[in-house]
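First up is the structure itself, then whatever we jot down about it.
None of the figures in this text is laboratory data; all of them are computed from the coordinates on show. Everything numeric here is computed off the predicted structure, so don't read it as measured data. Positions of Cβ are backbone-derived with ideal geometry, glycine not excepted, and every protein chain shown enters the neighbour counts.
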Amino acid sequence: MPSKILSVGFEEDSSSEATMTETTVRAIESCLEKGGKNSKEIDLLIHMGAKSDHVLGDVTQIQDKVKATNAASFQLKDIDKVGLLSTFVQAHSYIESKQHCNIVVTYGGEINRSNESVSLAASALFLTKSERGGLVFHRYGKHSLSKEFSPLENLPFTPNWIITFCQPKPLPQKWIADKEHHLNDFYEISFKSPMQITYTLMKALEKKHFTRGDKLFIWAEGSKKHTASIVWEW
């Protein structure tokens with residue numbers, strides 16, 4: 001059974017009282033509102049992030065506050081940046097196997113803007129079953145960031161749209177020469193912000209960039225040169 005990204009919610013809080021749990025709850029509420037869903041329809045909640053309010057994790061607190069009473073839930077800890085793409089693969093696999101049909105994936109951490117301001121932020125994605133499309137390709141590896149290597153190498157098809165995240169340093173210019181199809185806005189969010197993928201995806205959905213059959217390529221590199229990439233067919 002194919003899957004699709006129905007909606008993306010995003011919440012940012014720069015106040016000193018900001019907590020990861022409350023920020024994530026508001027991101028989920030925004031995501032549900034945009035997708036025309038309610039929390040009772042969630043049957044699986046996957047949470048991960050670089051920040052946590054509680055030693056044992058936040059997912060049960062988040063689930064309780066959002067009133068996702070019909071959902072199973074689990075949290076991934078100590079996974080950052082590249083690990084975000086693994087949650088997309090997991091969610092798609094659950095839908096493909098028909099174990100779950102309505103999955104919310106959340107990510108929480110700090111968002112770094114280009115003006116050097118830092119605030120707490122969370123994103124939520126609602127994934128559900130689809131008539132067609134879904135995740136068609138994923139790859140994990142380890143590469144040295146160089147002008148010679150391109151994340152588009154050895155792809156079995158040409159993507160229509162690209163979202164990238166590179167933690168150690170900015171991407172080589174040759175990788176982002178096609179600005180029309182590269183969706184990142186490097187002037188709004190720092191290239192080091194792990195929120196960049198979900199924020200960019202949300203903005204692209206708001207601007208209705210994708211049409212049926214489009215292939216979206218998402219690539220990320222972490223601080224230890226680990227890379228991951230996925231392709232989502234719309």
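Between T158 and N38, the modelled labels are 4.7 nm apart [label points 7 Å from Cα along Cα→Cβ].
Protection proxy ranking of 228-234, 195-201, 93-99, by the mean of other Cβ atoms within 10 Å over each peptide's residues and highest first, is 195-201, 228-234, 93-99.
For segment 60-76, backbone phi angles converted through the Karplus equation (6.51, -1.76, 1.60; θ = phi - 60°) give residue-by-residue couplings of 5, 5, 5, 4, 5, 5, 8, 6, 8, 6, 9, 9, 7, 8, 8, 10, 9 Hz, Gly and Pro being listed as x.
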